[in-house]
Amino acid sequence: MSQNLTKQLLDWYAQNGREMPWRVKGGAHPDAYAVWISEIMLQQTTVATVVDYFIRWMKKFPNIKALATADLQDVLLAWQGLGYYTRARKIHECAKVLMEKYNGKIPNRREELLKLPGIGPYTASSICCFAFNQPETVVDGNVMRVIARLHGITKEITAPDIYPLAQKLTPQNQGADYASAIMDLGATVCTPTNPKCNQCPWIKNCTAYKKRIQEKIPVIKKLAKKEKFGQLYLIQNNQGKYLIQQRSGKGLLAGLWEFPWEETEKLSSQKYPHVVHVFTHFKLTLELIRFSAEKAHDFPNGVWVHPKDFDKYPFPTLMKKVIRKL
Ligand code: SF4
């Protein structure tokens with residue numbers, strides 16, 4: 001049964017699979033570096049958004065050596081807008097390790113990949129699969145939905161619940177095509193709403209279709225997001241410049257630029273304009289409060305920058321929302 005399903009899916013993929021700049025049909029991608037970069041970017045956002053970022057990135061840093069020798073500031077600028085900047089810093093760090101210890105090449109063994117900065121189990125599996133055509137099982141949101149519907153699973157699920165079912169369908173010698181195929185099926189046919197079941201190669205075996213409960217599946221376990229608050233200081237001098245500073249330390253946004261701000265317990269009672277940003281694990285609401293240049297004394301590391309020069313500084317998405325409100 002699973003072999004039939006796998007073959008049906010691969011045949012469907014050969015006809016209907018999507019074209020992407022980091023993908024080849026019929027086996028592994030010849031450039032593991034391209035696979036690695038696209039995989040990290042795809043963890044941030046949609047395929048449609050990643051295409052432009054990926055093309056720009058590969059022009060700017062065409063290989064591991066170019067990336068390893070680039071300035072971190074340039075790497076962060078190329079990442080600007082994708083969010084979660086720790087990933088960009090880790091990519092840069094990883095490129096340096098690859099140059100120093102791996103002769104500028106990405107290893108093809110999972111255990112070696114897991115030793116590298118910023119490469120966790122999901123990325124290691126993806127690289128083994130897409131760059132080296134190994135029979136690795138990759139489970140993302142699309143795969144979870146397709147497999148849960150195929151088996152008609154109506155209870156709450158997590159990726160580890162789906163893994164063994166997805167693994168059974170993974171072929172030994174066409175790992176890359178199979179993983180691309182199931183992701184494409186989820187993205188284009190077995191969509192969250194209005195799945196196009198009559199175009200699906202698995203329609204005859206699909207429990208959700210038989211029971212007409214496709215849209216009730218999957219039920220994914222969700223973690224509640226915590227709420228956080230803060231006050232952000234828009235300090236402006238009489239030349240129209242704003243005070244910004246670079247974040248230090250190792251946190252999520254380290255190395256990026258921001259307007260000075262601090263966390264507060266709750267919002268003040270005054271009606272300040274505000275911006276809201278949702279991070280992976282929490283939601284942050286910042287009140288925007290204007291000050292004259294004297295307030296700059298509180299921030300000795302700040303620099304004065306005119307809004308027309310903001311594009312020379314990598315800002316996180318949260319701060320770009322602030323800039324749109326200036
Ligand atoms: S038959 Fe419909 S619900 Fe079932 S896997 Fe295919 S597209 Fe998804």
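Computed from the coordinates by the stated procedures, all read-outs in this text should not be read as laboratory data. Because the structure is a prediction, the values reported are computed rather than measured. Counting neighbours? That spans all protein chains shown, and the Cβs are built from the backbone with ideal geometry, glycine included.
Annotations
- Of the candidates Gln134, Gln172, the single residue that is assigned to a loop (DSSP other than H, G, I, E, B), away from the ligand (no atom under 16 Å from the Cβ) and crowded, with 17+ Cβ neighbours inside 10 Å is Gln134.
- Positions within region 44-56 being part of a helix (DSSP H, G or I), surrounded by fewer than 14 Cβ atoms within 10 Å (Cβ to Cβ) and of a type in the set (Val, Ile, Thr), in sequence order: Ile55
- Residues located in region 2-39, provided they are closer than 24 Å to Cys190 by Cβ and aromatic (Phe, Trp, Tyr): Trp12, Tyr13, Trp22
- Candidates in region 190-215 are the residues that are under 26 Å from the mean Cα position of the chain (by Cα) and touching a residue at least 24 places away in the same chain (Cβ under 8 Å); of these, the one that is farthest from the ligand (Cβ to nearest atom) is Pro192.
- Residue within region 289-302 that is over 24 Å from the mean Cα position of the chain (by Cα), farther than 20 Å from Asn238 by Cα and surrounded by 11 or more Cβ atoms within 10 Å (Cβ to Cβ) present: no
- Residue, farthest from the ligand (Cβ to nearest atom), within region 216-249, restricted to residues that are touching a Phe, Trp or Tyr at 6+ places or on another chain (Cβ under 7 Å) and part of a loop (DSSP other than H, G, I, E, B): Asn237
- Criterion (surrounded by fewer than 21 Cβ atoms within 10 Å (Cβ to Cβ), in a loop (DSSP other than H, G, I, E, B) and of a type in the set (Lys, Arg)) met by exactly one of Lys90, Lys59, Lys65, Lys105: Lys105
- The C-beta contact set for region 304-315 (first residue in contact (Cβ under 8 Å) with a residue 24 or more places away in the chain, second residue exposed (fewer than 12 other Cβ atoms within 10 Å of the Cβ), distance under 9 angstrom, 6+ apart or interchain) comprises Trp304/Gln239; Val305/Lys312; His306/Gln239; His306/Gly240; Pro307/Gly240.
- Filter pass, Asp184 being more than 16 Å from the ligand (Cβ to nearest atom), over 30 Å from Arg89 (Cβ atoms) and surrounded by 15 or more Cβ atoms within 10 Å (Cβ to Cβ): no
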